[in-house]
Amino acid sequence: MSNEAHPRVEIIHFWTPSRPGDEPPVGGWSKRAFDIAVSASALVLFAPLLLLIALIVRLDSAGAAIFKQERGGYRGKTFMIWKFRTMTVTENRGVVQARSGDARFTRIGGFLRRTSLDELPQLINVLLGDMSIIGPRPHALEHDIKFEKVDDRYPIRFRARPGVTGLAQVNGSRGPTETEEKISTRTGFDAEYVQAWSWSREIEILGRTAAILTKYDPAAL
């Protein structure tokens with residue numbers, strides 16, 4: 001897909017490292033220190049809420065409280081993402097993206113999705129170093145393969161640790177990516193984030209995320 005169709009992206013070029021491991025993730029050590037401080041503090045602060053949600057999920061439907069799935073991370077390395085289970089199925093392959101009104105949602109699952117409370121266990125992923133507080137959202141492995149075929153900028157996003165939130169999400173590009181246009185729009189925001197990273201942008205995304213989370217949208221996923 002031609003990059004000329006996406007003027008929204010500030011900088012476009014392809015990441016071609018000379019050898020594996022020769023370049024640190026976007027933000028370097030300062031971003032990692034920030035991630036550790038924020039995730040550790042948030043896990044302590046939200047510990048009672050995490051335990052309460054886990055209990056409700058277990059009582060609401062059969063199955064584990066935590067859903068784990070392989071996702072593509074920094075430099076394409078796979079990791080197991082943690083989320084509160086919101087569906088009656090827990091597939092790790094042949095993944096079908098969730099949509100509004102999806103029959104697979106548990107009774108509490110739709111609410112957890114709309115409020116993003118299902119994402120809270122990813123603070124553990126951040127503390128372990130698999131993810132960052134802010135970065136491109138990680139996708140299921142087969143979606144990584146599909147999306148790269150749609151937009152040739154897609155590999156750029158693997159220069160950063162995947163995030164709990166990101167530039168795409170605060171600009172309305174969240175939820176299902178069932179069309180090539182949506183895939184390309186999200187990829188554009190992810191490429192822009194990686195290529196134009198700065199601490200001022202990082203703080204801006206964090207603030208906009210906080211503002212979004214205070215607004216409950218019953219139609220959102």
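The values are calculated or read from the model by the stated rules, or taken from the named source; none is laboratory data. These numbers were taken from a predicted model, which means no experiment stands behind them. For neighbour counting, all protein chains shown are included, and Cβ atoms are generated from backbone atoms with ideal geometry for every residue, glycine included. Please note that ligands, DNA and RNA were not included when accessible areas were found on the heavy atoms of the full protein model with its side chains. Shrake-Rupley method; radii C 1.70, N 1.55, O 1.52, S 1.80 Å.
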**Q.** Too-long pairs where the Cα-Cα distance tops 28 Å, listed order kept, from LYS146/LYS215; LYS77/LYS149; LYS77/LYS182
**A.** LYS146/LYS215
Q. Amide H neighbours of GLN69 under 5 Å, counting only residues 5+ apart in sequence or on other chains, H built in-plane at 1.01 Å?
A. ILE81
Q | Table column - 3J(HN,Hα) (Hz), segment 185-190, Karplus curve with 6.51, -1.76, 1.60, x for Gly and Pro | A | 4, 5, 4, x, 5, 5
Q: Show the residues, 5+ positions off or on another chain, whose built amide H is closer than 5 Å to the amide H of GLY163.
A: SER132, GLY135, ARG137
Q: Starting from the residue with the highest accessible area, list GLU180, GLU70 in decreasing order, probe 1.4 Å.
A: GLU180, GLU70
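For every other residue with a beta carbon closer than 14 angstrom to the beta carbon of ASN125, add +1 if it is Lys or Arg and -1 if Asp or Glu, then tell me the sum.
For residues surrounding ASN125, the net value is +2.
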